[in-house]
Amino acid sequence: MTNTERPARTRFAPSPTGYVHIGSMRTVIFEWLWARHTGGQFVLRIEDTDRNRYVEGAEDQLKESIRRMGLMWDEGPDVGGPFAPYKQSERLDLYHRHADELLAKGHLYKCWCTPERLKQVNEEKQARKEPPGYDRHCRNLSPEERAELEASGKQYVIRLAVPLEGETIVNDLIRGPITFQNALQNDMVMLKSDGFPTYHFAVVVDDHEMQITHAMRADEWIATSPLHVMLYQFFGWEQPVWVHLPNVLGADGKKLSKRHGDTAITDYLDKGYLPEALLNFLALIGWGYDETTEIMTRDELIERFTLDRISPSGGVLNLEKLNKFNGIYIRQLSTAELTERLLPYLADAGLVGAEPSAAERARIEELVPLIQERLVVLSEAPDLLRLVFTAPDSYDHALLIPKKLDASTTQQALHAATAALRELPSWEVAVIEARLRSLTEELGLKVGDLFMALRVAATGSKVSPPLFETMHALGREETLTRLERAIASLGAVGTAA
RNA sequence: GGCCCCAUCGUCUAGCGGCCUAGGACGACACCCUUUCAAGGUGUAGAUCGCGGGUUCGAAUCCCGCUGGGGUCACCA
């Protein structure tokens, strides 16, 4: 593992075909962390070489996802860099120049086979129970045949002339050397008939051109990595350090996909998982620091992240643990900070305006402490806060009347409480609590019973933030109004019964 | 199916030949705190380290085989 601590250049090279998968984000995290840890650069490169799969807007969404995670790239689209452009569709000349070089050396060859013929060849191979793959027809053309096809002007692709014997070794940093028999490799297409390179050709050329030191990518690339190694050898270039990262799996141990639930990183961000919680949590899938440390700040992660601690086996996404992490990070936020992050969710729910006024902001900041330690995810805030904004529209007597009491006793108790609260000299939490506690004694009730009746009367629910804090947040007027409505609802029962 | 990778509590992981009668975290359960829910605290259960052979005085740790799981076999990345 030589020179792993020298400034590393890593890259994330997605194709703009859709959203950013949470597993891809984990890859971004490792790449970013390693670049930061070594004081190197993290580059973003757009691999838009498949015009058929191009998705409008995907590139923006992808950049936005990375930005929202707080993992800005040092070089790439929008920010530029010494190796611009960072979009492969704008680097076509480069691939052609390099292809010509290898073509001249005989490591690449033109292939005029039609998709139909390719399909037919594979079907025949299949019928003979042979492994699929190109039959190298065009590699073995006679000079005359080649000249004729060359002159025909027909469409062609450029393929890799894989050595027919020997073996290719991929030195994976976390797995050690992996040996592949050359005879088993296919003459994969390097340049498509539309003149665009395939991934195999473009990554190698660009990683070399952009001086990428560590080729970190998901481990599904292991199977084709010998092709990439061959290319480096044919070019006479020094290989990057290969680091194939373990996958993020679904609960069934298979690659995480739509049927496992949310897979886009934005799904999580939108629900209100904090970027810092996600970063910490995701960093722990496939990597671990020591025996006991799990909660780590971004800076601690940067300082502690090393490649040798990446494990080779895939890891299942444990949502419950993510929830726990998110709660921890939410509780670490200051009231002001949490308020700021909650506002968009409250605006969506219509609890505050789209452009919250200073008064609304102040009001929310007052309420935030009531829910901070109860929040798992930011998007739950509106529901937790709704009881403050909207009075219960009816009362369920089964909730309102304590187990061992009846309607009239409950009604009397609430009435006494209302009177007591009305006369309070101030509306401070401690004052409310002191008065209500003494009231339980005066009434000969159990603390739990009275408080629960009051809770239901004030909030309509048996579950709420602490009673006195809630009453305080509601304000005296609103609290009394609600209690009176609860009392009235019980009175109706009394007469009906 | 061929090739390749992987294999420690349900899950994420620590462990890189003796410190392991395997540590931490999430989850579960119990108790404490307590006006509910949370949060917090304490504790319990949970892994014969996939199986079988070796190597060694000694193996979760090294080697081989097996089994299981996964990945990959496109003019997609």
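The values are calculated or read from the model by the stated rules, or taken from the named source; none is laboratory data. All of these numbers come straight from a predicted model, not from anything done at the bench. Every residue, glycine among them, receives a Cβ derived from its backbone with ideal geometry; neighbour counts consider all protein chains shown. All accessible areas refer to the heavy atoms of the entire protein, side chains included, with ligands and DNA or RNA removed. Shrake-Rupley method; radii C 1.70, N 1.55, O 1.52, S 1.80 Å.
Things to note:
- Every pair of residues 6+ apart whose Cβ atoms lie under 6 Å, when the first sits in the range A:40-54 and is more than 7 Å from RNA strand B (Cβ to nearest atom) while the second is among the hydroxyl-bearing types (Ser, Thr, Tyr): A:Phe42/A:Thr10; A:Arg45/A:Tyr86; A:Asp48/A:Ser89
- Residue count, the range A:292-302 (criterion: surrounded by 14 or more Cβ atoms within 10 Å (Cβ to Cβ) and charged (D, E, K, R)): 2
Each row is one residue, and each column tells you yes or no for (1) more than 12 Å from RNA strand B (Cβ to nearest atom); (2) at pLDDT below 95; (3) farther than 17 Å from A:Arg45 by Cβ.
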site: A:Gly195; (1), (2), (3): no, no, yes
site: A:Thr198; (1), (2), (3): no, no, no
site: A:Leu256; (1), (2), (3): no, yes, yes
site: A:Phe281; (1), (2), (3): no, no, yes
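Here is a yes/no grid of residues against (1) of a type in the set (Phe, Trp, Tyr); (2) touching a Ser or Thr at 6+ places or on another chain (Cβ under 8 Å):
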| site | (1), (2) |
| --- | --- |
| A:Thr266 | no, yes |
| A:Leu274 | no, no |
| A:Phe305 | yes, no |
| A:Glu320 | no, no |
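- Count - residues of the range A:431-445 that are under 25 Å from A:His397 (Cβ atoms), in contact (Cβ under 8 Å) with a residue 24 or more places away in the chain and within 13 Å of RNA strand B (Cβ to nearest atom): 3
- Unique residue being closer than 14 Å to A:Phe281 by Cα and surrounded by 15 or more Cβ atoms within 10 Å (Cβ to Cβ) when the list is A:Val352, A:Val368, A:Val316: A:Val316
- Residues of the range A:158-168 satisfying the condition of being within 10 Å of RNA strand B (Cβ to nearest atom) and either open to solvent by 30 Å² or more (accessible area, probe 1.4 Å) or closer than 20 Å to A:Glu238 by Cβ (or both): A:Glu167
- Check on A:Ile222, in contact with a Lys or Arg (Cβ under 9 Å, 6 or more places away or on another chain) and within 10 Å of RNA strand B (Cβ to nearest atom): yes
- Of all residues in the range A:417-430 being away from RNA strand B (no atom under 16 Å from the Cβ) and open to solvent by 30 Å² or more (accessible area, probe 1.4 Å), the one that is nearest to the chain's Cα centre (by Cα): A:Ser426
Yes/no per residue for (1) within 11 Å of RNA strand B (Cβ to nearest atom); (2) in a helix (DSSP H, G or I):
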site	(1), (2)
A:Asp100	no, yes
A:Leu103	no, yes
A:Cys113	yes, no
A:Glu116	yes, yes
A:Lys125	yes, yes
A:Lys129	yes, no
A:Pro132	yes, no
A:Cys138	yes, yes
A:Leu149	no, yes
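- Matching residues, the range A:1-42, being β-branched (Val, Ile, Thr) and within 19 Å of the chain's Cα centre (by Cα): A:Thr17, A:Val20, A:Ile22, A:Thr27, A:Val28, A:Ile29
Residue by residue, here is whether (1) closer than 30 Å to A:Asn280 by Cα; (2) open to solvent by 20 Å² or more (accessible area, probe 1.4 Å); (3) touching a Phe, Trp or Tyr at 6+ places or on another chain (Cβ under 9 Å) holds:
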{"position": "A:Leu71", "(1), (2), (3)": "yes, no, yes"}
{"position": "A:Val79", "(1), (2), (3)": "yes, yes, yes"}
{"position": "A:Gln88", "(1), (2), (3)": "no, no, yes"}
{"position": "A:Cys111", "(1), (2), (3)": "no, no, yes"}
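- All helices (runs of 4 or more DSSP H) inside the range A:323-414 with 1 or more residues being charged (D, E, K, R): A:335-348, A:358-371, A:381-389
- Looking only at the range A:155-180, residues that are assigned to a strand (DSSP E or B), of a type in the set (A, V, I, L, M) and closer than 30 Å to A:Ile310 by Cα come to 3 in all.
- Long-range neighbours under 7 Å by Cβ, at least six apart or interchain, first residue within 28 Å of A:Ile22 (Cβ to Cβ) within the range A:218-231, second within 9 Å of RNA strand B (Cβ to nearest atom) and open to solvent by less than 10 Å² (accessible area, probe 1.4 Å): A:Asp219/A:His244; A:Asp219/A:Pro246; A:Trp221/A:His244; A:Ile222/A:His244; A:Ser225/A:Val170; A:His228/A:Val203
- Of everything in the range A:320-332 that is within 8 Å of RNA strand B (Cβ to nearest atom) and farther than 20 Å from A:Leu245 by Cβ, the residue that is most open to solvent (accessible area, probe 1.4 Å) is A:Glu320.
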